[in-house]
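The values are calculated or read from the model by the stated rules, or taken from the named source; none is laboratory data. Please read these numbers as outputs of a predicted model, since none were measured by experiment. Note that each Cβ is placed from the backbone with ideal geometry, even for glycine, and that neighbours are counted across all protein chains shown.
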Amino acid sequence: MEDSPIKVPKLSPEREACPYGDLYIYYLDGSVEDEAFFSDKNFLGNWNEGRTSFLFFSRPAQEAVTAFLKNRPGLNMIDQFCLDYALWQGKDLVPFQIGAIRVMPFWYCEKSVGTAGDTPHTLLLDPGVVFGSRTHPTTIGCLKALNLLFERVISHTILDLGTGTGILALAAVKLGAQRALAVDLNPLAARTAQKNIRINRMENKILAIQGDAKDFIDCPADLVIANIHYDAMKGLLCAKGLNQKRWVILSGLMRSEARDVTDVLASKRFDIVESQNHEGIWYTYLLRNRAKSIELTAR
């Protein structure tokens, strides 16, 4: 018997208008603060990384970028690239399921945006050019940890630090959380998360803001999720606010960093309920505060 071809859903009008084909990326020395200059619909966003900036366009924008730099002596072009969107994300983005959560790129929805987002445990995602679309092992690890936790315990309030696209806060609410605060230091990530919250009609349950994780770790929450760089995580591990959380999911850790985290946790009141690693490189932990939580045994 011949294999039946996989039926690909009809592209929605949103996908036909989606700009994510080739990405035209302009790498600048200096931090771009006035990105409103780029009002063109082909401008996808500005990713600031320290003292450098990456301007993303869906069409060549050399002329516009040159004009932008002309009267800004503090900014200089380092390089420019053209990259396929799938390569930027690591692979083609298709619907996928982790446990009870089904994630659907918004352009796979045949009906109006928001319809699939109303379905229990199904969320729509427009990742734009931001980290957190499922293609990275740390995102998958966090989704698995969320499923394990919510199968047994409902965490009503969530603090998602380093939210990226907002996928983890969205998944937590889909699984039963009542409200979530999603925080990212990068303005483009915060705006992308806000967009995904609107797409899924969760404005009354999730607030996404731009800010530093260390400034929010003391916020009351049953569960804190931190899928962030280790340099940022080290400060969170020492924060008093962490000790007030019932549950913690930590990810974004490489092998040596994971070893350091377990050493710190050994001196604290958290027990490791589950640990995951992807090919011995990326590590994710689900942690229980033994002073505040009921028992949870991993399967």
Number of the condition not met by Lys205 [criteria: (1) within 15 Å of Gly166 (Cβ to Cβ); (2) within 16 Å of the chain's Cα centre (by Cα)]: (2)
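Conditions (1) closer than 23 Å to Ala258 by Cα; (2) within 16 Å of the chain's Cα centre (by Cα); (3) not charged (D, E, K, R), marked per residue:
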position	(1), (2), (3)
His156	no, no, yes
Gly164	yes, yes, yes
Asn186	no, yes, yes
Gly211	no, yes, yes
Gln244	yes, no, yes
Boolean, Gly176 is surrounded by 24 or more Cβ atoms within 10 Å (Cβ to Cβ) and small (Gly, Ala, Ser): no
Wholly enclosed strands (runs of 3 or more DSSP E) of the range 212-299 bearing at least 3 residues without any contact (Cβ under 8 Å) to a residue 60 or more places away in the chain and over 25 Å from Leu188 (Cα atoms): 270-278, 282-289
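Out of the residues in the range 42-67 meeting the condition of being β-branched (Val, Ile, Thr) and part of a helix (DSSP H, G or I), tell me which one is surrounded by the fewest Cβ atoms within 10 Å (Cβ to Cβ).
Looking at residues that are β-branched (Val, Ile, Thr) and part of a helix (DSSP H, G or I), I get Thr66.
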Near pairs, Cβ below 7 angstrom, 6+ apart or cross-chain, from the range 152-174 (farther than 12 Å from Gln210 by Cα) to any residue that is among the aromatic types (Phe, Trp, Tyr): Ser155/Trp247; Leu159/Phe216
Test: residue in the range 66-75 that is modelled with pLDDT of 90 or more, touching a strand residue (DSSP E or B) at 6+ places or on another chain (Cβ under 7 Å) and of a type outside the set (Phe, Trp, Tyr): yes
Some residue of the range 287-296 being out of contact with any His (no Cβ under 8 Å at 6 or more places or on another chain), modelled with pLDDT of 90 or more and exposed (fewer than 14 other Cβ atoms within 10 Å of the Cβ): no
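Table: residues versus (1) assigned by TED's automatic domain parsing to the domain that holds Leu44; (2) surrounded by 24 or more Cβ atoms within 10 Å (Cβ to Cβ); (3) not in a helix (DSSP H, G or I).
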site: Cys142; (1), (2), (3): no, yes, no
site: Ala145; (1), (2), (3): no, yes, no
site: Val153; (1), (2), (3): no, no, yes
site: Leu188; (1), (2), (3): no, no, no
site: Ala193; (1), (2), (3): no, yes, no
site: Ala208; (1), (2), (3): no, yes, yes
